[in-house]
2 protein chains.
Amino acid sequence: MRTLNERADVIPVIAEVFREYGFEGASLSRITETTGLGKGSLYHFFPGGKDEMARAVLAHVDGWFEREIYAPLRDDVPDAAIVRMWRGVDNYFRSGRRVCLVGAFALDGTRDRFAAAIASYFTRWIAALRDALVRGGWPPAAAADSAEEVVLGIQGALVLARATADTAVFGRALARLQTRLREPPVM
Amino acid sequence: MRTLNERADVIPVIAEVFREYGFEGASLSRITETTGLGKGSLYHFFPGGKDEMARAVLAHVDGWFEREIYAPLRDDVPDAAIVRMWRGVDNYFRSGRRVCLVGAFALDGTRDRFAAAIASYFTRWIAALRDALVRGGWPPAAAADSAEEVVLGIQGALVLARATADTAVFGRALARLQTRLREPPVM
DNA sequence: ATAACTCTGTACCTTTCGGTACAGCGAGTC
DNA sequence: GACTCGCTGTACCGAAAGGTACAGAGTTAT
């Protein structure tokens, strides 16, 4: 019964290939090379081919964020959950050295094919953060605005860090957004 | 002597294909289809093939921003130049319906190939905006920070607008960033 | 020991990829 | 009318794309 185990092990590796090259750029030959698996094994685990691999990878990323970020934001003490989010995000994106797979897919022509998964990733993130802020005493409108600003800022920081090959941008952006969430609006 | 004229006419069309599908996804067949030009004409204008097309497109985008945004930020009255930037950006990105070609290339595996052009586009934008703020009376450190925040915020907004197929995100982000540049820091 | 089942390598398929070669068209020039 | 010269369509190329077929190895259960 190693099937499930090994399939699960391969997904993060494939994810890295998609992350690095995008959907179109992630050729099967690159995937087989990186994973060390031949086409035989690959199509055994993912009969649907590249499309299924991408879906599995998106689901994997989504699962991680749901578990580590969204759920805590919805259920835990707001302040603690938000601290956890900052730590988790900085860790996940390797302080700007790693790019967001979902964001990369969104800009690609790939978007339409995985539209639902891509949109859901972002809207649920924003909704969860907004809820945490509201539970922390923020006015709903300001909470919604700031939640959107934070998620969008993280994506922008990743684009810029990658574009300029300067990971410090990411750290500065996180710091800026972080202070902004610490001081509730004056309204 | 129609050569230069027509080549110049084709570049924006090719740009749209790259913007929509990314470098890898923009196949020659899609380009011929969209431009209405056969391979013969295409390789007549761009002997270097896809690579040269991408470089021409990047140069075209860069030229537009240099002329319409960066130069005014450096040379004109700061307030007016910044107002012009907001108008120009909203217009250029069609209020979030259009994606940033340079940002898309940055996330792609394409980045390395065009690294210089991609990095320069962003660093010059940030530098120009920072200069305008400093000339407008901002402390240099705060100006640098806010300039980075604005450029990064625009990129993030484009990612999110595209990801959620909700252009309103872009408008809200622009409004937020705009108010932030209107009130100089307290420090 | 054998049967069943999971996994893997190899060979092969069609389509599309980026790119090339080139003959010819049409609008100017002399 | 002949001659450029800029442009275009067509046919073609080898390589790589994504995907399939399948025999067999390795393990596990009986």
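Please give the number of the condition B:M53 fails out of (1) within 21 Å of B:G103 (Cα to Cα); (2) within 16 Å of DNA strand D (Cβ to nearest atom); (3) within 14 Å of another protein chain (Cβ to nearest Cβ).
(3)
Being more than 16 Å from DNA strand C (Cβ to nearest atom), under 24 Å from B:R162 (Cα atoms), charged (D, E, K, R) and assigned to a helix (DSSP H, G or I) narrows it down to one residue among A:E52, A:E66; which is it?
A:E66
Which residue is farthest from the other protein chains (Cβ to nearest Cβ), if the candidates are limited to segment A:85-117 and must be surrounded by fewer than 23 Cβ atoms within 10 Å (Cβ to Cβ) and charged (D, E, K, R)?
Here the answer is A:R87.
Taking A:G22 as meeting all but one of (1) near DNA strand D (Cβ under 10 Å from one of its atoms); (2) within 14 Å of chain B (Cβ to nearest Cβ), write down the number of the exception.
(1)
Would you be able to say whether some residue in segment B:100-116 is under 18 Å from A:Y21 (Cβ atoms), in a loop (DSSP other than H, G, I, E, B) and touching an Asp or Glu at 6+ places or on another chain (Cβ under 9 Å)?
Taking every residue of segment B:100-116 in turn, at least one turns out to be under 18 Å from A:Y21 (Cβ atoms), in a loop (DSSP other than H, G, I, E, B) and touching an Asp or Glu at 6+ places or on another chain (Cβ under 9 Å).
Among (1) more than 16 Å from DNA strand D (Cβ to nearest atom); (2) surrounded by 16 or more Cβ atoms within 10 Å (Cβ to Cβ); (3) within 21 Å of A:A173 (Cβ to Cβ), there is one condition A:D62 misses while meeting the rest; what is its number?
Unmet condition: (3).
Taking the options A:S146, A:S120, name whichever one is within 11 Å of chain B (Cβ to nearest Cβ), of a type outside the set (K, R), surrounded by fewer than 23 Cβ atoms within 10 Å (Cβ to Cβ) and within 16 Å of the chain's Cα centre (by Cα).
A:S120
Looking at this structure, is A:A71 part of a helix (DSSP H, G or I) and surrounded by 16 or more Cβ atoms within 10 Å (Cβ to Cβ)?
No: the conditions fail for A:A71.
Part of a helix (DSSP H, G or I) and buried (at least 17 other Cβ atoms within 10 Å of the Cβ): is that true of B:Q155 in this structure?
yes
Name every residue in segment A:123-152 that is under 16 Å from B:V159 (Cβ atoms) and outside any helix (DSSP H, G or I), in order of residue number.
Listed by number, the list is empty, since nothing qualifies.
Can you find, within segment B:123-132, the residue that is farthest from the other protein chains (Cβ to nearest Cβ) among those that are among the small types (G, A, S) and in contact with a helix residue (DSSP H, G or I) (Cβ under 7 Å, 6 or more places away or on another chain)?
Here the residue is B:A132.
Quick one: in segment B:26-43, of everything that is farther than 17 Å from B:A8 by Cα, more than 11 Å from DNA strand D (Cβ to nearest atom) and within 23 Å of the chain's Cα centre (by Cα), which residue is surrounded by the fewest Cβ atoms within 10 Å (Cβ to Cβ)?
Looking at the filtered set, the residue picked out is B:R30.
Which residue is surrounded by the fewest Cβ atoms within 10 Å (Cβ to Cβ), if the candidates are limited to segment B:167-182 and must be without any contact (Cβ under 8 Å) to a residue 24 or more places away in the chain and either within 12 Å of another protein chain (Cβ to nearest Cβ) or within 24 Å of B:S120 (Cβ to Cβ) (or both)?
This residue is B:T179.
Report whether or not A:G103 is within 16 Å of DNA strand C (Cβ to nearest atom) and out of contact with any Ser or Thr (no Cβ under 8 Å at 6 or more places or on another chain).
Answer is no for this residue.
Condition check ((1) touching a residue at least 60 places away in the same chain (Cβ under 8 Å); (2) at positive phi) across all residues:
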position	(1), (2)
A:L73	no, no
A:D76	no, no
A:R84	no, no
A:S95	yes, yes
A:A106	no, no
A:F114	yes, no
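Where a number appears in this text, it was derived from the coordinates with a stated rule and is not lab data. Since we're looking at a predicted model, the values are computed, not measured. Note that each Cβ is placed from the backbone with ideal geometry, even for glycine, and that neighbours are counted across all protein chains shown.
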